[in-house]
Each structure stands twice: as C-alpha cells, then as structure tokens.
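One structure below.
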Amino acid sequence: MSDKLRILIVDDHALVRKGVASVVQERNSLEICGEAANGEEGVQKAIELRPDFIILDVTMPVLNGLEAARRIRAHFAAAPILMLSMHDSPQMIEEAKMAGAQGFLRKSEVAEALLEAIDTLVEGHTFFSGSAIPS
C-alpha cells in the first residue's frame, strides 16, 4: 500500500488538469489517482477511486463543481475538497463552503499556492484564497 496522498483532479480543460498534475507531481508524497472532465464523471471517479484529496473546478459542463462536491459529500466525507475557479467572489466562496469544500483557490494562483493549499487542508484547516474573501 502506498503512503502517498492520492489526488483526483476534476476539470473540463485538459490543459488545466495537466498543469495541476505537474504541480502535484513536484512532490514525491503526492500522486494523481485519477482525472475527470466534468462533474458527473468526477462524482463517479470519486466513488470508484476513493481518493484522499479532490481538486474540483467550479464551472464545468454536465454537472458543475458545486453540485459535484455536494454529491461526493453525500457518498463519503473523508476527502478534503479544494475548489478551483477563474473567478473569486464572496458569493462563490460561500457557495463552495456550503457545498462541502474546505478550500478555494483561483486558477491563476495554482502554480504558487496549490501545494500550500493541499498541505493546509490535509492538516485539517481551511484554505480560501482570493481578494474577495469575507472575514
């Protein structure tokens, strides 16, 4: 059995999935256990693969990330969920929290802050980046 943190990446853009994966793979203690291109597929993969950590895009076809997070939480609550988005607003961040996400990161900050966000969530804390974070 692997001691690595198994991560599922769910984003409708292949380039974003590859970028997130390349940041994750900078650290030997992390591995990508699966990828999905929409929210519905993400829910199915989460149930099937039981990842240790889930990275979910907010805006996706078929099923958006917020609803996907709710459905994943309905099946199992163990894995922290980090939401990614091009935009941040207090409303979107609040919706991510209500959907069961422990973190929110703007896509523009992935290269600089993704590993910090993963560490923070794994330690049991929340990580909500962005300029529009409510206090």
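The values are calculated or read from the model by the stated rules, or taken from the named source; none is laboratory data. These numbers come from a predicted model, not from an experiment. FYI the Cβ positions are ideal-geometry reconstructions off the backbone, even for glycines, and counts take in every protein chain you see.
Within the stretch 1-28, the set of residues being exposed (fewer than 12 other Cβ atoms within 10 Å of the Cβ) and under 19 Å from residue 49 (Cα atoms) comprises 1, 2, 3.
Looking across the stretch 83-99, the residues that are crowded, with 19+ Cβ neighbours inside 10 Å and under 19 Å from residue 42 (Cβ atoms) come down to 83, 84, 85, 96, 99. Considered as a group, the residues in the stretch 99-123 that are touching a helix residue (DSSP H, G or I) at 6+ places or on another chain (Cβ under 7 Å) and part of a helix (DSSP H, G or I) include one that is farthest from residue 30 (Cα to Cα), and that residue is 107. Checking the conditions here, which among 20, 16 is at pLDDT 95 or above and assigned to a helix (DSSP H, G or I)? That would be 20, the only listed residue that is at pLDDT 95 or above and assigned to a helix (DSSP H, G or I). Every condition in (1) in contact with a Cys (Cβ under 7 Å, 6 or more places away or on another chain); (2) assigned to a loop (DSSP other than H, G, I, E, B); (3) not small (Gly, Ala, Ser) is met by residue 8 except one, and the failing one is (2).
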